[in-house]
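Everything on this sheet refers to the single structure shown next.
The values are calculated or read from the model by the stated rules, or taken from the named source; none is laboratory data. From a predicted model like this one, the values you see are computed outputs, not experimental measurements. Please note: Cβ atoms are built from the backbone with ideal geometry, for glycine as well, and neighbour counts cover all protein chains shown.
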Amino acid sequence: MAHSRTPVTVTLTGAGGQIGYALLFRIASGQMLGADVPVRLRLLEIPQGLRAAEGAALELQDGAFPLLAGVDVTDDRAAAFDGVNVALLVGARPRGPGMERADLLAANGGIFGPQGAAINAGAADDVRIVVVGNPANTNALIASAHAPDVPSERFTALTRLDHNRALGQLAAALDAPVGGIRNVSIWGNHSASQYPDVSHATLDGAPALPLLAARLGGAEPAERWLADEFIPRVAKRGAEIIEVRGSSSVASAASATIDHMRDWVGGSPAGAGWTSAALPSDGSYGVPEGLISSFPVESVGGQLRIVQGLEISAFSRARIDASVAELIAERDAVRALGLI
Ligand code: NAD
Ligand code: LMR
């Protein structure tokens, strides 16, 4: 089929890496932006990663994707972000042996600051950005701080993977299909301090907590399961995957990235309930304004909106506050390093 629409420019950083490889073919086949939306891919890598990205570009050509209007591979940030509509910031500096947290934040500041500036200089007016590379929330904060002309709410970080993990764990505990579950929330940081919250979750329209209590032998065992198994399992799932697989999550991370951007651009599907994303706080739920924290969100009219008015129990409040405290500490650390 021929496409008359102007292609959407999608820039992927870290395109020669694992998640990049898992993302590219799904984007090219229309799974992110729609089956009738042509895309132009810009693959940004550092010089050591260029060959891998070039190889992926060859394979994209071999995929003969009708929606793929072109692929550029570059190590030039300005060229990569020129006219970008959708930016997937995946490439990041992993923690190396002996590296302290401050070293990691500084190394990533050296990546996400200049990328934010390049987005500021060249992006299209409708640019939407999701940061996947860790520490994702704070990397997004750094990038946004270097892009004063781009509305801050266009900078988001990925917690949809945590959201999907929570859906998977709850579905297993309820012995129910994952598709029947709605309104799970991830709050805070994409780290082990995050709070996966099922207090508003439903299964086929019915509150999930009583169903959980019925399966686990009462409200108390259900609460114990949530505190001792579910929350740590979801929050530490990244580490579990690293231990079992031998390297960090790839296909699930790519899939969540597709989910995040598909819903943001295309809108939350009717009746699907809310999902989770990290975006700049507007002060909702007591999260300090400007902090890039995960919230329950819906996508309406091309904008992510924090779901308002949810009742927050004392149990939830303490966990949200703990994760937000970690985000504040990360923000203060990058501020002290002069990165924001
Ligand atoms: P990877 O090491 O396979 O690939 C990363 C790629 O990024 C490499 O090819 C590297 O050359 C490139 N890169 C490094 N610096 C760059 C820069 N300045 N510009 C462009 N490219 C650059 O790693 P991966 O498995 O693809 O994971 C990527 C990141 O995603 C990691 O930080 C990982 O921790 C993170 N991650 C996040 C989530 C999440 O849910 N937010 C989930 C899984 C992984
Ligand atoms: C994940 O959640 O799988 C990753 O963020 C883990 C990691 O440290 O790369």
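Note on the stretch 61-78: among residues that are in contact with a helix residue (DSSP H, G or I) (Cβ under 9 Å, 6 or more places away or on another chain) and in a helix (DSSP H, G or I), the one that is nearest to ligand 2 (Cβ to nearest atom) is Arg77.
Just one of the listed residues (Ile142, Ile129) is among the β-branched types (Val, Ile, Thr), part of a helix (DSSP H, G or I) and modelled with pLDDT of 95 or more, namely Ile142. Residues in the stretch 97-116: is at least one among the hydrophobic types (A, V, I, L, M, F, W, C), exposed (fewer than 13 other Cβ atoms within 10 Å of the Cβ) and outside any strand (DSSP E or B)? Checked the stretch 97-116: at least one residue is among the hydrophobic types (A, V, I, L, M, F, W, C), exposed (fewer than 13 other Cβ atoms within 10 Å of the Cβ) and outside any strand (DSSP E or B).
Only one of the numbered conditions (1) surrounded by fewer than 21 Cβ atoms within 10 Å (Cβ to Cβ); (2) assigned to a helix (DSSP H, G or I) is not met by Pro269, and that is (2). Evaluating Ala87 against the criteria (1) assigned to a helix (DSSP H, G or I); (2) touching a strand residue (DSSP E or B) at 6+ places or on another chain (Cβ under 6 Å) leaves one unmet condition, (1).
Looking only at the stretch 1-42, residues that are within 20 Å of Asp62 (Cβ to Cβ), surrounded by fewer than 16 Cβ atoms within 10 Å (Cβ to Cβ) and either within 16 Å of ligand 2 (Cβ to nearest atom) or free of Cβ contacts under 8 Å to residues at least 60 places away in the same chain (or both) come to 1 in all.
For the stretch 136-145, the criterion of being surrounded by fewer than 24 Cβ atoms within 10 Å (Cβ to Cβ) and more than 15 Å from ligand 2 (Cβ to nearest atom) is satisfied by at least one residue. Evaluate the following for Gly83: is it out of contact with any Gly (no Cβ under 6 Å at 6 or more places or on another chain) and on the phi > 0 side of the Ramachandran plot? Considered against the rule, which asks whether it is out of contact with any Gly (no Cβ under 6 Å at 6 or more places or on another chain) and on the phi > 0 side of the Ramachandran plot, Gly83 comes out as yes. Within the stretch 245-262, if we keep just the residues that are modelled with pLDDT under 95 and more than 10 Å from ligand 1 (Cβ to nearest atom), the residue that is nearest to Ser276 (Cα to Cα) turns out to be Arg245.
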